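A.B. asks: Attaching a single structure in structure tokens format; questions to follow.
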Amino acid sequence: MGQGTRLNAAISSLPGSRHDVVRTHRQRAARAFAARGLPTRRDEDWKYTDLSRLTAALGDNWWESSGQPEISAVDAGVIEGQAIPDLDAYRIVFTDGRFDHGESEFPEGVTIRPLADLLESEPEQALEPLELDEAAPLYNGFVALNAAMATDGLCVCIKDGVTLDKPLYILHLAGPSGQVAHIRHAISLGSNAEVAVIEHFSGISDGTGLTNTMTNIRLGQGARLSHYRLQQEPESRFHIGRVEVEQARDSYYASHSIALGAALSRTDIRVNLNGEGAECLLNGLYVTGGRQHADHHTRIDHAVPNCTSREIYKGILDGRSRAVFNGKVVVHKNAQLTDAQQSNGNLLLSARAEIDTKPELEIYADDVKCAHGATIGQLDEDQVFYLRTRGLSEADARNVLTFAFAGDVLARMPHIAVRKFLERVVLGKLPQGAVLEDIV
């Protein structure tokens with residue numbers, strides 16, 4: 001029995017599959033997955049990320065059992081313990097990839113629907129979030145598998161001119177039993193709408209599992225979205241994430257992507273600047289230790305004139321961990337007066353840590369201002385010595401300098417509660433870093 005046939009059998013139990021239109025869509029995506037398969041190191045975009053660890057942990061045919069998962073019962077107190085403290089937000093909870101009605105709060109005047117409910121009640125409308133573009137850059141088998149097997153997610157529609165009074169906080173919890181969860185979100189902002197969305201991926205056990213998630217974002221003219229993506233899953237799990245953004249004229253998109261957890265994680269972010277005056281910021285940080293592996297691939301397409309992009313990613317690597325950064329900015333033929341800057345800085349705390357970095361510029365217009373670069377290094381011993389002369393121990397001096405290296409990424413986050421939470425989590429990942437919490 002082939003991959004497509006086995007997936008078709010799993011599809012029959014998924015939300016909406018009683019409707020022909022949904023079932024047909026899922027089957028087409030299953031065929032696309034069967035044709036493409038999972039990425040391998042022979043794929044250029046996956047050259048430095050080996051998925052054999054995932055297969056070894058989950059089994060050769062893990063995707064066969066990745067249909068509708070059982071929902072683990074999670075106590076409200078446990079959820080509170082996993083959530084960002086002191087965060088005033090509309091909290092929406094997913095457990096093992098399924099929406100938790102009892103623990104979620106929706107704002108008034110905004111259209112928000114769980115994808116599973118939409119697939120059952122309005123299948124035609126639900127298909128748009130599940131659309132599959134096999135010609136898209138960075139397309140891979142995980143994207144097709146997500147389109148075929150997405151069990152739930154959130155469909156958010158913010159109408160023209162609406163500004164939410166506080167953020168939407170989407171808390172994803174990996175339950176105690178260990179699951180494979182395929183999650184699909186769709187976020188649409190009308191003209192001049194404004195909102196902050198916080199996606200937080202966490203877990204409450206060391207069970208092995210996989211989160212395969214995709215978020216599609218569409219910004220209308222003049223819309224503004226601050227998008228926080230915090231990956232803090234247990235180091236026994238695997239995380240594959242993708243964000244697709246379409247921006248209209250004068251819109252603004254700010255991405256704050258933080259990778260701290262999982263044994264192996266991969267995050268793809270693709271932004272299309274389709275309207276003049278559009279701006280985007282990609283602000284990212286990854287902190288790894290032990291045998292962790294964190295891979296980030298980004299692509300910004302300047303399709304029209306007079307758009308601006310800024311990309312700043314930093315990495316801190318310890319132990320025998322490995323990270324990958326590939327950031328591509330494409331300035332298309334007619335995109336004159338483009339202003340694009342990109343940088344990737346990496347700090348290696350161990351001689352056995354490794355980073356593969358590849359910032360890229362493709363420019364097909366002649367009136368542009370573009371720059372890119374990457375750095376890899378260790379702590380400056382003169383700075384360590386200076387701090388030690390001021391009374392710090394060597395360990396504290398190194399941690400202060402390491403935290404300062406990450407600090408400018410965190411400082412770009414306007415939401416104070418999120419920033420303070422991440423400052424303490426980052427300190428907790430540094431050697432003896434917890435003793436410096438009083439400093440921040």
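A.B. asks: Can you tell me which condition Pro39 does not meet? The list is (1) of a type outside the set (Asp, Glu); (2) at pLDDT 90 or above; (3) over 28 Å from Asp295 (Cβ atoms); (4) assigned to a loop (DSSP other than H, G, I, E, B), and all the others hold.
C.D. replies: (3)
A.B. asks: Mind checking which residues of region 389-408 are part of a helix (DSSP H, G or I) and farther than 22 Å from Lys429 by Cα?
C.D. replies: Within region 389-408, just Thr389 meets the criteria.
A.B. asks: Could you list, in sequence order, the residues of region 210-238 that are in contact (Cβ under 8 Å) with a residue 40 or more places away in the chain, within 20 Å of Val74 (Cα to Cα) and crowded, with 22+ Cβ neighbours inside 10 Å?
C.D. replies: Leu210, Thr211, Glu233, Arg237
A.B. asks: If a residue must be hydrophobic (A, V, I, L, M, F, W, C) and touching a residue at least 60 places away in the same chain (Cβ under 8 Å), how many such residues does region 274-306 contain?
C.D. replies: Taking region 274-306 and keeping what is hydrophobic (A, V, I, L, M, F, W, C), we get 278, 280-282, 285, 287, 294, 300, 303-304.
Right, trim to touching a residue at least 60 places away in the same chain (Cβ under 8 Å) and you get 281, 285, 287.
Here the count works out to 3.
A.B. asks: Moving on. List the number of the failed condition for Leu138; all other conditions in (1) of a type outside the set (Val, Ile, Thr); (2) touching a residue at least 24 places away in the same chain (Cβ under 8 Å); (3) surrounded by fewer than 16 Cβ atoms within 10 Å (Cβ to Cβ) hold.
C.D. replies: Result: Leu138 passes all but (3).
A.B. asks: Just to be sure before I move on: is Asp380 under 30 Å from Lys328 (Cα atoms) and modelled with pLDDT under 90 in the structure I sent?
C.D. replies: Judged against the criteria, Asp380 is a match.
A.B. asks: While we're on this one: Give the number of residues within region 62-84 that are modelled with pLDDT under 75 and not in a helix (DSSP H, G or I). Quick ask: steps written out before the conclusion?
C.D. replies: In the first step, residues of region 62-84 are kept if they are modelled with pLDDT under 75; the result is 63-74.
Going one step further and asking which of them are not in a helix (DSSP H, G or I), we end up with 66-74.
So the answer is 9.
A.B. asks: Hey, any hits in region 85-107 for a residue that's in a loop (DSSP other than H, G, I, E, B), without any contact (Cβ under 8 Å) to a residue 60 or more places away in the chain and farther than 14 Å from His200 by Cβ?
C.D. replies: Yes, region 85-107 contains at least one residue that is in a loop (DSSP other than H, G, I, E, B), without any contact (Cβ under 8 Å) to a residue 60 or more places away in the chain and farther than 14 Å from His200 by Cβ.
A.B. asks: Leu347 - would you say it is open to solvent by 80 Å² or more (accessible area, probe 1.4 Å) and at pLDDT 95 or above? I'd like the intermediate steps shown before the answer.
C.D. replies: Numbers: open to solvent by 80 Å² or more (accessible area, probe 1.4 Å): no; at pLDDT 95 or above: yes.
So Leu347 does not fit the description; no.
A.B. asks: Let me ask something else about it. Identify all residues within region 350-380 that are open to solvent by 60 Å² or more (accessible area, probe 1.4 Å), among the hydrophobic types (A, V, I, L, M, F, W, C) and assigned to a strand (DSSP E or B); write none if there are none.
C.D. replies: Ile363, Ile376 - these are the residues of region 350-380 that are open to solvent by 60 Å² or more (accessible area, probe 1.4 Å), among the hydrophobic types (A, V, I, L, M, F, W, C) and assigned to a strand (DSSP E or B).
A.B. asks: Within region 203-217, is even one residue under 23 Å from Glu105 (Cβ atoms) and among the hydrophobic types (A, V, I, L, M, F, W, C)?
C.D. replies: yes
The values are calculated or read from the model by the stated rules, or taken from the named source; none is laboratory data. As the structure is a prediction and not an experimental result, all values here were calculated from the model. With ideal geometry, Cβ positions are generated from the backbone for all residues, glycine too; neighbour counts draw on all protein chains shown. What goes into the accessible areas is simple: the full protein's heavy atoms, side chains included, and nothing from ligands, DNA or RNA. Shrake-Rupley method; radii C 1.70, N 1.55, O 1.52, S 1.80 Å.
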